[in-house]
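Beneath this line is the structure, given in C-alpha cells, with notes to follow.
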Amino acid sequence: MSLTRRRALQALSALPAAGLIGGLARPARAAEFSLKYGNNLPLTHPLNIRAQEAADRVAKESNGRVEIAIFPNNQLGGDTDMLAQVRSGALNFFTPSALVVATLVPVAAINAVGFAFADYDQVWKAMDGPLGAHVRAAMAKVGLHTFEKMWDNGFRQITSGAKPIESAKDMDGLKIRVPVSPLSISMFKALSSSPTSLQFSEVYSSLQTRIVDAQENPLPIIQVAKLYEVQKYCAISNHIWDGFWFIANARAFNALPADLRTIVSNAINDAGLKQREDIRAFNATVQTDLQSKGMNFTRPAPDTFRAKLRDGGFYGEWKGRFGDETWALLEGAVGKLA
C-alpha cells in the first residue's frame, strides 16, 4: 500500500525533529535471537515504516524466536560508524546508501553513474538483475551479506536560482553544490559546470548568498530543507539514482538456522518492494507541494546530457575505473553509454 498524502506529509514534517524519537518497540517476551538494525532516517520515513512491518512479520513467523530492534535516525552513529559496526558484528543490519558502501566496495557506486538510468524500469532491471548480483558478490568478499532487493532512495534532481535547466547547454558555467563524491564532481565538470563540495548544512545559506547558484538532491530533501525559498527552478533531471542496500553481518546471519534465515530474507525483501512503491508515491506528492510553493519544474531530455558526458570523456573514464565486466552489466540494462 502506498503512503497516503497525509502520511507523506507527516513523514516530511517529522524529519528535523526525528532525533528525539527512541527506537521502535521490541516484543515483550525474550527472543532466542535478538538482532539490531540501524539506519540514518527518521522513524516516520517509509523505510522505517516498512522495516517495522518486516520486523513484526519476522517475530510472528518465527514464533517469537527472532526479535529485530530498530534504531533509526543515526542513534547508533553516522553511516561510517554503522558500516564499521556491521562489519565487526556489533550491529546486525544496516541500510547504507550505495555511495556509502562504495567507500568500502568501490563497485557499489555503479548505480550513481550520471544519466545512466532513464526510469525506474531500468533501475530495477539492473539492480534486481545481473548488475545487482555482481555488486552483492563484491560486498560478500568484505563480510557483508546483502539481501536481494534494494530499497529506494530516489533520483536526484537539479535546482537553480537564476534560470531553468532545459538542456545540457544550461549547465555551462553553473556554480553548483555537490556532495563530497568523486563521481558527482567528475560528472558536473564534464557538463562544463563549476561544482563545489559543501556540507549539506551549508547549502541553504550558500544558495541564499549566491556562493553557488544551484544544487542537486532528491525532491523530499529539497522540500524538507526549504530550498524552494532560495531556488526558483527545479529540473527533473534524474541525473543520479541512489538506493539503500539492506546489509547484514555475514557471520551472524549465516549462524541463524536455515529456516530463520529464510523468514528474515523473505520479510526484508518483500518490505523493500513495498517501500519502493511508497517512495514513488511520496515523490509525486512532494512535487505537487513544491509547485504550490512557487517552484517551477522542467523535464529536460537526458540525450543532450549523455552526449556531453560522452564527448567529455566521463563515461570512458569511469568505465576504466569500474572495469569492463561491471560496465557491461550496466549497459546491459540501460543501453550503450561509452
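The values are calculated or read from the model by the stated rules, or taken from the named source; none is laboratory data. Everything numeric in this text was worked out from a predicted model, so none of it was measured. Neighbour counts are summed over all protein chains in view; Cβ atoms, including those assigned to glycine, are modelled from backbone coordinates with ideal geometry. For accessibility, only protein heavy atoms count, side chains too; no ligands or nucleic acids. Shrake-Rupley method; radii C 1.70, N 1.55, O 1.52, S 1.80 Å.
Within region 190-203, being assigned to a helix (DSSP H, G or I), open to solvent by 10 Å² or more (accessible area, probe 1.4 Å) and modelled with pLDDT under 95 holds for PHE200, SER201, GLU202.
Each residue in region 41-82 was checked for being open to solvent by 20 Å² or more (accessible area, probe 1.4 Å), touching a Gly at 6+ places or on another chain (Cβ under 6 Å) and hydrophobic (A, V, I, L, M, F, W, C), and 2 of them qualify. For region 243-261, does any single residue satisfy the condition of being crowded, with 17+ Cβ neighbours inside 10 Å, of a type in the set (S, T, N, Q) and assigned to a helix (DSSP H, G or I)? No, the conditions are met nowhere in region 243-261. Checked against (1) open to solvent by 10 Å² or more (accessible area, probe 1.4 Å); (2) more than 21 Å from THR95 (Cα to Cα); (3) in contact (Cβ under 8 Å) with a residue 24 or more places away in the chain, MET187 passes all but a single condition, namely (1). Among the residues of region 211-220, are any surrounded by fewer than 19 Cβ atoms within 10 Å (Cβ to Cβ), out of contact with any strand residue (DSSP E or B) (no Cβ under 6 Å at 6 or more places or on another chain) and more than 24 Å from ALA133 (Cα to Cα)? Checked against the condition, which is being surrounded by fewer than 19 Cβ atoms within 10 Å (Cβ to Cβ), out of contact with any strand residue (DSSP E or B) (no Cβ under 6 Å at 6 or more places or on another chain) and more than 24 Å from ALA133 (Cα to Cα), region 211-220 yields at least one hit. Taken over region 297-335, the criterion of being among the acidic types (Asp, Glu) and open to solvent by 50 Å² or more (accessible area, probe 1.4 Å) is satisfied by ASP303, ASP311, GLU317, ASP324, GLU325.
Conditions tested, residue by residue: (1) over 18 Å from VAL334 (Cβ atoms); (2) under 18 Å from the mean Cα position of the chain (by Cα); (3) part of a strand (DSSP E or B).
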| site | (1), (2), (3) |
| --- | --- |
| PHE117 | no, yes, no |
| ARG136 | yes, yes, no |
| VAL142 | yes, no, no |
| HIS145 | yes, no, yes |
| GLU148 | yes, yes, no |
| GLY154 | no, yes, yes |
| ILE158 | yes, yes, yes |
| LYS169 | yes, no, no |
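Of the residues making up region 281-296, those that are surrounded by 15 or more Cβ atoms within 10 Å (Cβ to Cβ) and either part of a helix (DSSP H, G or I) or of a type in the set (S, T, N, Q) (or both) are ALA281, PHE282, ASN283, THR285, VAL286, GLN287, ASP289, LEU290. If you filter region 24-40 down to residues that are open to solvent by 40 Å² or more (accessible area, probe 1.4 Å) and at pLDDT below 95, you find that the one that is nearest to ASN153 (Cα to Cα) is ASN40.
Does region 174-183 contain any residue that is out of contact with any Leu (no Cβ under 6 Å at 6 or more places or on another chain), open to solvent by 10 Å² or more (accessible area, probe 1.4 Å), among the β-branched types (Val, Ile, Thr) and modelled with pLDDT of 95 or more? No, every residue in region 174-183 fails to be out of contact with any Leu (no Cβ under 6 Å at 6 or more places or on another chain), open to solvent by 10 Å² or more (accessible area, probe 1.4 Å), among the β-branched types (Val, Ile, Thr) and modelled with pLDDT of 95 or more. Being more than 18 Å from TRP241 (Cα to Cα), in contact (Cβ under 8 Å) with a residue 24 or more places away in the chain and not aliphatic (A, V, I, L, M) holds for only one residue in GLY320, GLY313, GLY332, and it is GLY313. Out of (1) under 19 Å from the mean Cα position of the chain (by Cα); (2) in a strand (DSSP E or B), what's the single condition that is false for THR44? Exception for THR44: condition (2).
In region 73-85, the condition of being among the small types (Gly, Ala, Ser), in contact (Cβ under 8 Å) with a residue 12 or more places away in the chain and part of a helix (DSSP H, G or I) is met by no residue.
From the list ALA90, ALA126, ALA109, ALA140, the lone residue that is out of contact with any Gly (no Cβ under 8 Å at 6 or more places or on another chain) and within 20 Å of ASN238 (Cα to Cα) is ALA109.
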